Amino acid sequence: MAFSQFDRVPNHYGGPIIETIKEFREGTGKRSLEPTQLRIGDLEILVPRHFGFCFGVERAIHMAFTALEEHPNKRVNLLSEIIHNPLVNDDLRQRQVRFIYDREGRRQVAETEISAEEVVLIPAFGTTLEIERSLSRSGIDVGSEEYRDRYDTTCPFVSKVWDRGEELGKAGYTIVIHGKFGHEETQATHSHTRMHTKTLVVLGVEEARKVAGYIEGTVPLADFERIFADKWSDGFDPKKDLQRVAVVNQTTMLAEETREVAGIIRDALLARFGDGDIEHHFADTSDTLCYATNWNQNATKGLLESRPDVAVVVGGYNSSNTSHIVEICSEVMPSYLVSGAQELLSRERIRHFDVAAQSLAETEDWLPELPLTLAVTSGASCPDILMNEVIEKVAGFCGYGAVEIEAGLAKLSLCAPAASAPA
């Protein structure tokens, strides 16, 4: 089986069904957002045009396995989970990679337990300047070009947000970060950006409306402080620091929502200051939106036009981009987030992560009777093998095996939108 974008993304992360689908899309309908149709008897499986590992994730995994290969006699450390997928992180643990922080952000390895002779990898989300300074005290030369090139796996699109934030901050704009305050990437962006300007983290549309209300004078200062006091940088003065604003995002958030958050704040600045000099008060940052997140979300919406009966989304339960894919799918059909095929307990019962409740759940009678159309997709940090195994397991529940799957793979096609789909 071929390697992916990089030559050290391990073969065991791939799967033959998914690889065949990807090869089909490279030769057919490469630009179309219509999903791929895999028909296995009376089971129709729809796979979106874009899913699974993005460039940044592939790059991070490539760098981690390269470090292991190049330093067989050195201790290799990761600051925290390299991506939000348990299979990949457990794989690295089994290869004796030591994690300095656990997934809840609690430190497991003290500064004094790390030496300059060790390798420390920064994860794909990036890290805060405070943690970088801690690594420097341990003797890790995080500022060197060699370190950045070999051991800093921060996604280039995350770094792009930081660079734009620095540029706009130096130009006098306050940076509003659309993201989840506790998420590693948002914490890193907040840390880097507040070195150059004031910053404020906004979770979504409802909080953006509160910001807009304060700008327009309809939300009292006391209410604004109650909502945001622990989500802004030191010295933040709402009266002064919300006159010139730029919105950037946590790259795994819904791009559509980021645009809405930006639009709400821009409209408030228009209402307060007029349109004569809106560019002075609001900076356009649409160029910072991650293309891979956009692709996956748009492809998921394209999938929904074919009106599947049910969806299974595969990915880590703490993966932000994966949870947003579930939210998109849930607008049209029952949708279940699973970490892998082991959560498909039987044809009648599925164990899944409830995104709204943020807890595990079990659902009965989740898989309709044949004939049925099932959507299967995955988040940007999910290895193809996990999606592959889900397809195999569902096919097995429906009475189909390797022979029927192979026959279906030989007849892959694009699935046109259903006639009843909304315009």
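The values are calculated or read from the model by the stated rules, or taken from the named source; none is laboratory data. From a predicted model like this one, the values you see are computed outputs, not experimental measurements. Heads up, the Cβs are rebuilt from the backbone with ideal geometry, glycines too, and the neighbour counts pull from every protein chain shown. When the accessible area is computed, the model is the full protein with side chains, heavy atoms only, and any ligands, DNA or RNA have been set aside. Shrake-Rupley method; radii C 1.70, N 1.55, O 1.52, S 1.80 Å.
Give me the pairs, please: first residue somewhere in region 388-406 and open to solvent by less than 10 Å² (accessible area, probe 1.4 Å), second residue anywhere and modelled with pLDDT of 95 or more and part of a helix (DSSP H, G or I), beta-carbon distance under 6 Å, and either six or more positions apart or on two chains.
Cβ pairs passing all conditions: N388/I17; N388/I18; V390/A341; I391/I17; A395/I405.
Rundown of residues vs (1) under 16 Å from the mean Cα position of the chain (by Cα); (2) at pLDDT below 95; (3) within 26 Å of Y400 (Cβ to Cβ), yes/no style:
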residue: S339; (1), (2), (3): yes, no, yes
residue: E348; (1), (2), (3): no, no, yes
residue: H352; (1), (2), (3): no, no, yes
residue: A356; (1), (2), (3): no, yes, no
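Could you tell me which numbered condition V9 fails, if it satisfies all but one of (1) more than 24 Å from the chain's Cα centre (by Cα); (2) part of a loop (DSSP other than H, G, I, E, B)?
It is condition (1) that V9 fails.
For D234, all conditions in the list (1) charged (D, E, K, R); (2) surrounded by fewer than 18 Cβ atoms within 10 Å (Cβ to Cβ); (3) not in a loop (DSSP other than H, G, I, E, B) hold save one; what is the number of the exception?
(3)
Restricting attention to region 62-82, report how many residues are outside any loop (DSSP other than H, G, I, E, B), open to solvent by less than 10 Å² (accessible area, probe 1.4 Å) and without any contact (Cβ under 8 Å) to a residue 60 or more places away in the chain.
Residues flagged as outside any loop (DSSP other than H, G, I, E, B), open to solvent by less than 10 Å² (accessible area, probe 1.4 Å) and without any contact (Cβ under 8 Å) to a residue 60 or more places away in the chain within region 62-82 amount to 3.
Among the residues of region 276-321, how many are part of a helix (DSSP H, G or I), hydroxyl-bearing (S, T, Y) and modelled with pLDDT under 95?
Step one: of region 276-321, the residues part of a helix (DSSP H, G or I) are 278-281, 286-288, 291-304, 320-321.
Narrowing further to those that are hydroxyl-bearing (S, T, Y): 286, 288, 291, 293, 300, 320.
In the following step, the residues that additionally are modelled with pLDDT under 95 were identified as 286, 288, 291, 293, 320.
Count: 5.
Which ones in region 99-109 are touching a strand residue (DSSP E or B) at 6+ places or on another chain (Cβ under 7 Å) and under 16 Å from H84 (Cα atoms)?
F99, I100, Y101, listed by residue number.
Of everything in region 321-334, what is open to solvent by less than 20 Å² (accessible area, probe 1.4 Å) and more than 16 Å from the chain's Cα centre (by Cα)? Give them in sequence order.
Selection gives M333 alone.
Okay, residues lined up against (1) modelled with pLDDT under 95; (2) surrounded by fewer than 20 Cβ atoms within 10 Å (Cβ to Cβ); (3) of a type in the set (S, T, N, Q); (4) part of a helix (DSSP H, G or I):
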position	(1), (2), (3), (4)
V247	no, no, no, no
T252	yes, no, yes, no
A262	no, no, no, yes
D267	no, yes, no, yes
L270	no, yes, no, yes
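If you go through region 377-384 one residue at a time, do you hit one that is modelled with pLDDT of 95 or more, open to solvent by 10 Å² or more (accessible area, probe 1.4 Å) and not in a strand (DSSP E or B)?
Yes - at least one qualifying residue is present in region 377-384.
Looking only at region 84-121, which residues are buried (at least 16 other Cβ atoms within 10 Å of the Cβ) and in contact with a Leu (Cβ under 7 Å, 6 or more places away or on another chain)?
L87, L92, V97, F99, I100, Y101, V120, L121
Restricting region 191-210 to residues that are part of a helix (DSSP H, G or I) and farther than 25 Å from A124 by Cβ, which is least open to solvent (accessible area, probe 1.4 Å)?
In the first step, residues of region 191-210 are kept if they are part of a helix (DSSP H, G or I); the result is 191-193, 205-210.
Retained after the next criterion (residues that are farther than 25 Å from A124 by Cβ): 205-210.
Working: V205: 20, E206: 122, E207: 32, A208: 0, R209: 117, K210: 92 Å².
The selected residue is A208.
Can you tell me which residue is surrounded by the fewest Cβ atoms within 10 Å (Cβ to Cβ) among those in region 211-231 that are among the acidic types (D, E) and under 30 Å from the mean Cα position of the chain (by Cα)? Even if it seems obvious, please write down each step before you answer.
Step one: list which residues in region 211-231 are among the acidic types (D, E), which gives 216, 223, 225, 230.
Right, trim to under 30 Å from the mean Cα position of the chain (by Cα) and you get 225, 230.
Values: E225: 14, D230: 9.
The extreme case among them is D230.
How many of the residues making up region 15-50 are open to solvent by less than 20 Å² (accessible area, probe 1.4 Å) and among the aromatic types (F, W, Y)?
So the count comes out to 0.
Go through region 154-190 and give me each residue that's open to solvent by 40 Å² or more (accessible area, probe 1.4 Å), touching a helix residue (DSSP H, G or I) at 6+ places or on another chain (Cβ under 8 Å) and either among the β-branched types (V, I, T) or over 19 Å from G56 (Cβ atoms) (or both).
E166, F181
All but one of (1) touching a Ser or Thr at 6+ places or on another chain (Cβ under 7 Å); (2) modelled with pLDDT of 95 or more hold for V97, so report the exception by its number.
(1)
Among the residues in region 414-421, are any surrounded by 13 or more Cβ atoms within 10 Å (Cβ to Cβ) and modelled with pLDDT of 95 or more?
Yes, the conditions are met somewhere in region 414-421.
Is one or more of the residues making up region 120-140 in contact (Cβ under 8 Å) with a residue 24 or more places away in the chain, in a helix (DSSP H, G or I) and over 28 Å from N73 (Cβ atoms)?
Checked region 120-140: at least one residue is in contact (Cβ under 8 Å) with a residue 24 or more places away in the chain, in a helix (DSSP H, G or I) and over 28 Å from N73 (Cβ atoms).
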